[in-house]
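I have placed the structure first, in the form of structure tokens, so that the comments after it can refer back to it.
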Amino acid sequence: MQQVRAVVAKAKGAPVEVVTINVPDPGPGEAVVKIQACGVCHTDLHYREGGINDEFPFLLGHEAAGIVEAVGPDVTGVAPGDFVVLNWRAVCGECRACKRGDLHYCFNTHNATQKMTLEDGTELSPALGIGAFAEKTLVAAGQCTKVDPEARPAAVGLLGCGVMAGIGAAINTGAVTRGKSVAVIGCGGVGVAAIAGSALAGASPIIAVDIDAKKLEVAKKMGATHTVDSSKTDPVEEIARIAAETYPGADGADVVIEAVGRPETWKQAFYARDLAGTVVLVGVPTPDMKLPDLPLIDVFGRGGALKSSWYGDCLPSRDFPMLVDLYTQGRLDLDAFVSEEIGIEDIEAAFDKMHSGDVLRSVVLMDGGN
Ligand code: APR
Ligand code: ZN
Ligand code: ZN
């Protein structure tokens, strides 16, 4: 067991605190990772607001990169010294989804078996089974994905959650390729990542939609060919008009990605896709939200696919190293997602900045992780 500094949310709505926690030595199937960088995600804020569940205290942080310090006796996939990006879907290989070959749907992903605790022994609930706003954290070895050690931790750690969700929503769930038109509704970190993923796949046009002009500027830098301010213009008509410039006769985009998580924007996505197109929902709705009123004939008549994207339908072992390589080759600008580098004490301030619209990601650097 060892003691490290970490960021904990102790009670619903209370500001987070930097405290000392106990990290057990890794047991079978586990690894202890020395964290270098960890992004601040909306989900961390949702945990501390009590919006995920009531299992306080939470050890926050889950978009991280670091170095494996120690592994349990039976671990062969990673070794001390490996540079890894942490994932929150370590596939089991044995559930019905894994057995039929759909590993990215694994219904029984796992985390560390032992518990990290506060100094008084109170068990911590690590955010998404990771808990990486900590100098070190204990995870399942399968949550560690080895990537190119030359990569910058603050940038590639973001693949651990929101950036992967967005890129994967486009490439994996939406099957975006060259020769297709794409629209992305909502250009926060997730939406902009979907735009970057669509650009990587060679799609054109890539239409960015948001109600905030600042977000549309960022979207352009990340590969959007067109922008639509949906507070001023009807996005459904505008997407169809732009798609038809490239594909005459098109009545919308081939793939429309909803990255807000609201019924009204999902409805826009539904009507902004071309015949037989695909809608991808990657924004996460709240439990009270209902599907918009929709004639069933429109669902049938438009054909195609209405899909949800969990974690970008990613397979960390396949997608993380590949995306890190594209980053180191200069083909995927993950640095652009890092709006600021902050210290472990600055997380409350980073939560406040999320609402300002100026920040894609604040990234906490631990122990000189740059
Ligand atoms: N129409 C278009 N864009 C909108 C609308 C709307 N009605 N309402 C909000 N937006 C835009 C915001 O201006 C912002 O740019 O959606 C974007 C949301 O971005 P962020 O708040 O930064 O959220 P992000 O991290 O990108 O996550 C988006 O995906 O993973 C989920 O839980 C996450 O539901 C959230 C979504
Ligand atoms: Zn499984
Ligand atoms: Zn996240």
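The values are calculated or read from the model by the stated rules, or taken from the named source; none is laboratory data. All figures in this text were calculated on a predicted structure; none of them were measured in a lab. Don't worry about glycine lacking a Cβ; one is built from the backbone with ideal geometry, like all the others, and counts go over all protein chains shown. Just the protein is used for accessible areas: all its heavy atoms, side chains included, with ligands, DNA and RNA removed. Shrake-Rupley method; radii C 1.70, N 1.55, O 1.52, S 1.80 Å.
Remind me, relative contact order of the chain in percent, using alpha carbon pairs under 8 angstrom and six or more residues apart? The partial results should precede the final answer.
Details: 945 pairs, mean separation 65.5, N = 370.
Answer for the chain is 18 percent.
Quick check on packing: order 203-213, 99-109, 24-34 by the mean number of other C-beta atoms within 10 Å, highest mean leading.
So the order, starting with the most tightly packed, is 203-213, 24-34, 99-109.
Taking only the Cα atoms of the range 175-308, how large is their convex hull per residue, in Å³?
In the range 175-308, the Cα convex hull volume per residue is 96 Å³.
Convert each backbone phi in the range 155-169 into a coupling constant with the Karplus relation 6.51 cos²θ - 1.76 cosθ + 1.60 (shift: θ = phi - 60°), then list the ³J(HN,Hα) values in order as whole Hz, x for Gly and Pro.
In residue order, the calculated couplings are 7, 7, x, 5, 5, x, 8, x, 5, 5, 4, x, 4, x, 4 Hz.
Per residue of the range 117-131, what does 6.51 cos²θ - 1.76 cosθ + 1.60 with θ = phi - 60° give for ³J(HN,Hα)? Whole Hz please, x for Gly and Pro, Karplus curve as stated.
Values, residue by residue: 9, 6, 4, 7, x, 4, 6, 9, 9, x, 4, 6, x, 10, x Hz.
With a probe of 1.4 Å, find how much accessible area the range 175-308 has per residue, and write the answer as a whole number in Å². Don't jump to the answer; show the numbers that get you there.
Numbers: 6070 Å² over 134 residues.
Normalised by residue count, the accessible surface of the range 175-308 is 45 Å².
Under a plain spin-label model, where a point goes 7 Å from the Cα along Cα-to-Cβ, how far apart in nm are Met1 and Asp234?
The modelled label-to-label distance comes out at 6.5 nm.
Below 20 Å, Cα to Cα, which lysines can Lys214 reach? Residues fewer than 8 away in the same chain don't count.
Cross-link targets: Lys232, Lys353.
Here are some pairs, Lys12/Lys115; Lys136/Lys221; Lys99/Lys146; Lys215/Lys290; Lys34/Lys220; Lys180/Lys215; which of them have Cα atoms lying more than 30 Å apart in this structure?
Cα-Cα > 30 Å for Lys136/Lys221; Lys34/Lys220; rest within.
Sorted by average packing, counted as other Cβ atoms within 10 angstrom per residue and highest first, what order do 326-334, 114-122 take?
326-334, 114-122
So, in Å, what gap is there between the alpha-carbon centers of the range 31-104 and the range 247-266?
Between the Cα centres of the range 31-104 and the range 247-266 lies a distance of 32 Å.
When the Kirkwood radius is taken over all Cα pairs of the chain, what Stokes-Einstein diffusion coefficient follows at 20 °C and 1.002 mPa s, in µm²/s? Walk me through the numbers before you get to the answer.
Numbers: Rh = 20.9 Å.
Rounded to a whole number, D works out at 103 µm²/s.
Using r as the Cβ-Cβ distance of Arg241 and Asp298, and R0 as 30 Å, what FRET efficiency do you calculate, to the nearest 0.05?
In this case the efficiency is close to 0.90.
Hey, can you grab everything whose amide H is under 5 Å from the amide H of Ala253? Only 5+ residues off in sequence or another chain; H modelled, so Pro and N-termini drop out.
Under 5 Å from the amide H of Ala253: Arg273, Asp274.
What's the carbon and sulfur percent of the chain's accessible surface, probe 1.4 angstrom, rounded to a whole number? Before the final figure, lay out the partial values.
Details: 7840 of 15310 Å².
The C+S portion of the solvent-accessible surface of the chain is 51 percent.
Are there any helices in the chain, counted as whole DSSP H runs, that stretch 15 Å or more along their axis by Cα and score at least 0.0 on average by Kyte-Doolittle, and if so which?
Once both thresholds are applied, what remains is 189-200, 235-246.
Using θ = phi - 60° and the Karplus relation 6.51 cos²θ - 1.76 cosθ + 1.60, list the HN-Hα couplings for the range 330-341 in order, rounded to whole Hz, with x at every Gly or Pro.
The phi angles translate into x, 9, 9, 8, 5, 4, 5, 7, 8, 6, 7, 10 Hz.
When ranked by the protection proxy of mean other Cβ atoms within 10 Å per residue, highest first, what sequence do the peptides 82-91, 290-299, 253-262 form?
Sorting 82-91, 290-299, 253-262 by mean packing, highest first, produces 253-262, 82-91, 290-299.
In Å², and per residue, what accessible area does the range 1-82 have when probed at 1.4 Å with the other protein chains present?
39 Å²
Could you compute the net charge surrounding Ala240? Neighbours are other residues with a C-beta less than 14 Å from the C-beta of Ala240; K and R count +1, D and E count -1.
-4
Would you mind working out the magnitude of the charge dipole of the chain relative to its Cα centre, with +1 at each Lys and Arg C-beta and -1 at each Asp and Glu C-beta, to the nearest 20 Debye?
I would put it at about 900 debye.
How far apart, in nm, are two points set 7 Å out from the Cα along the Cα-to-Cβ line at Asp346 and at Glu55?
3.1 nm
What accessible surface, in Å², does a 1.4 Å probe find on Lys180, ignoring ligands, DNA and RNA and rounding to the nearest 10?
Here the residue's solvent-accessible area equals roughly 60 Å².
In the range 207-279, how does Rg compare with the Kirkwood Rh, expressed as the Rg/Rh ratio over alpha carbon atoms?
0.94
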